[in-house]
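Asks: What follows is a structure written as structure tokens; I'll ask about it next.
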Amino acid sequence: MKIVIAKDAGYCFGVRDAVNLAYDTAEKFDDVYMLGDIVHNENVVRDLNKAGAKVVNSIDDIPENKKILFRAHGTVPDLWDNAKKKGREIIDATCPLVHKIHKEVKELEDEGRKIIVIGDHGHDEVVAIAAQVKESLIISNQEEAKKIKKYRKIGVVSQSTQMIENVNEIMSVLISKIYDVRFINTICFPTKRNHEQIKDLAIECDVIIIIGSFTSANSKRLTKMSKTINK
């Protein structure tokens with residue numbers, strides 16, 4: 001039996017750096033606290049917990065002398081403000097590409113545009129992107145796009161791990177409904193690369209195995225893409 005491993009299988013640089021930062025911080029300061037899972041993989045979270053990088057639900061659950069690590073997916077502004085008001089020391093593990101999306105939506109808002117985020121409802125990254133501006137709308141699929149009202153000017157970004165096919169379907173609807181559309185393609189390069197590789201492997205191989213987590217939107221997308229090409 002021949003086993004083919006995707007050329008770029010494994011962490012993207014944003015997740016790799018965030019996980020390494022959590023390990024390094026826990027080792028240096030005995031422990032560090034994270035508001036929610038640093039990445040969507042229960043095995044990684046469990047291993048980090050053993051190393052001293054602990055998950056809590058609230059800033060109030062963190063001892064005053066301990067550091068807070070903000071996760072790879074990005075964090076809503078209110079949480080940043082709350083931590084700073086309490087005088088807490090923050091270690092920022094946000095992916096640089098996610099920070100860039102935050103900057104893009106603010107610039108689109110400054111142009112007077114209604115902000116639309118293409119992404120999964122409730123996903124940490126999407127919630128944080130949408131929260132960067134006063135009013136935003138999250139759209140996850142073409143059917144939702146068809147139901148929105150007609151705005152004159154919109155600015156559109158996407159969750160960094162979205163499938164380009166889904167983004168294109170949604171954009172085709174928005175362009176047909178709205179006069180002035182400015183779209184910034186914020187799908188990250190590692191995601192584009194992984195999606196292209198999985199498409200090739202699904203054609204080449206009889207069976208595709210996705211090693212990931214059922215809580216990971218990225219793992220679910222890779223699985224969906226594989227099944228679409230080769231059931």
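The values are calculated or read from the model by the stated rules, or taken from the named source; none is laboratory data. These numbers come from a predicted model, not from an experiment. Note: ideal-geometry Cβ built from the backbone for every residue, glycine included; neighbour counts use all protein chains shown. Just the protein is used for accessible areas: all its heavy atoms, side chains included, with ligands, DNA and RNA removed. Shrake-Rupley method; radii C 1.70, N 1.55, O 1.52, S 1.80 Å.
Asks: Over the alpha carbons of segment 42-163, what is the largest minus smallest coordinate on each principal axis, giving the biggest first in Å?
Replies: Each principal axis gives a Cα extent; for segment 42-163 these are 50, 33, 23 Å.
Asks: On a full-extension model of 0.36 nm per residue, what is the gain between GLU135 and ASP206, subtracting their alpha-carbon distance, rounded to one decimal in nm?
Replies: 20.9 nm
Asks: Okay, next question. Which aspartates and glutamates, if any, have their Cα less than 18 Å from the Cα of LYS134, not counting same-chain residues under 8 positions apart?
Replies: ASP78, ASP81, GLU104, GLU107, GLU109, ASP110, GLU111, ASP124, GLU125
Asks: Put a dot 7 Å past each Cα toward the Cβ at GLN197 and ARG16; how far apart are the dots in nm?
Replies: Calculated label separation equals 1.0 nm.
Asks: For segment 169-179, take each phi angle, set θ = phi - 60°, evaluate the Karplus expression 6.51 cos²θ - 1.76 cosθ + 1.60, and give the result in whole Hz per residue in order, putting x for glycine and proline.
Replies: 4, 5, 5, 4, 6, 4, 5, 6, 9, 10, 5
Asks: Mind putting together the pair-distance distribution for segment 157-231? All Cα pairs, 10 Å bins, whole percent per bin, short to long.
Replies: 17, 44, 27, 11, 1
Asks: Take the alpha carbon atoms of segment 83-219, find their radius of gyration, then divide it by 2.2 N^0.38 Å using N residues; give the quotient.
Replies: 1.18
Asks: Mind jotting down the three principal axis lengths of segment 6-94 based on Cα atoms? Whole angstrom, largest first.
Replies: Sorted from largest, the Cα extents of segment 6-94 read 45, 27, 19 Å.
Asks: Mind checking which of GLN162, ILE59, ALA83 is farthest towards the positive end of the chain's charge dipole, using Cβ charges of +1 (Lys, Arg) and -1 (Asp, Glu) about the Cα centre?
Replies: GLN162
Asks: Compute the FRET efficiency between HIS121 and ARG182 as 1/(1 + (r/R0)^6), taking r as their Cβ-Cβ distance and R0 = 25 Å, and round to the nearest 0.05. List each step's numbers first, then the result.
Replies: On the way: r = 23 Å, r/R0 = 0.92.
The value I calculate is 0.65.
Asks: Can you compute the charge dipole magnitude of the chain about its Cα centre, using +1 on each Lys and Arg Cβ and -1 on each Asp and Glu Cβ, nothing else charged? Give it in debye, rounded to the nearest 20.
Replies: 700
Asks: Would you list, by chain and number, the lysines whose Cα falls below 16 Å from the Cα of LYS147, excluding same-chain residues fewer than 8 positions away?
Replies: LYS114, LYS177
Asks: In Å², what does the accessible area per residue of segment 119-211 work out to with a 1.4 Å probe? Can you show the working numbers first?
Replies: On the way: 4930 Å² over 93 residues.
Per residue, segment 119-211 has an accessible area of 53 Å².
Asks: Ok, one more. Probe radius 1.4 Å, ligands and nucleic acids ignored: give me the carbon and sulfur share of the accessible area of the chain as a rounded percent.
Replies: Summing carbon and sulfur atoms, their accessible area is 51 percent of the total for the chain.
Asks: Among 125-132, 161-168, how do they line up from the highest to the lowest mean number of other beta-carbon atoms within 10 Å?
Replies: Most protected by this proxy first, the peptides run 125-132, 161-168.
Asks: Okay, moving on. Given the -39500 (n - 2.57) contribution per DSSP H run of 4+ residues, what per-residue ellipticity at 222 nm results for the chain, rounded to the nearest 500 deg cm²/dmol?
Replies: Roughly -14500 deg cm²/dmol at 222 nm, from the helical runs in the chain.
Asks: What translational diffusion coefficient, in µm²/s and rounded to a whole number, does the Stokes-Einstein relation yield for the chain at 20 °C and a viscosity of 1.002 mPa s, taking the hydrodynamic radius as the Kirkwood radius over Cα pairs?
Replies: 112
Asks: In nm, to one decimal, how far is the ILE164 label point from the THR228 one, both placed 7 Å along Cα→Cβ?
Replies: In this crude spin-label approximation the distance works out to 1.2 nm.
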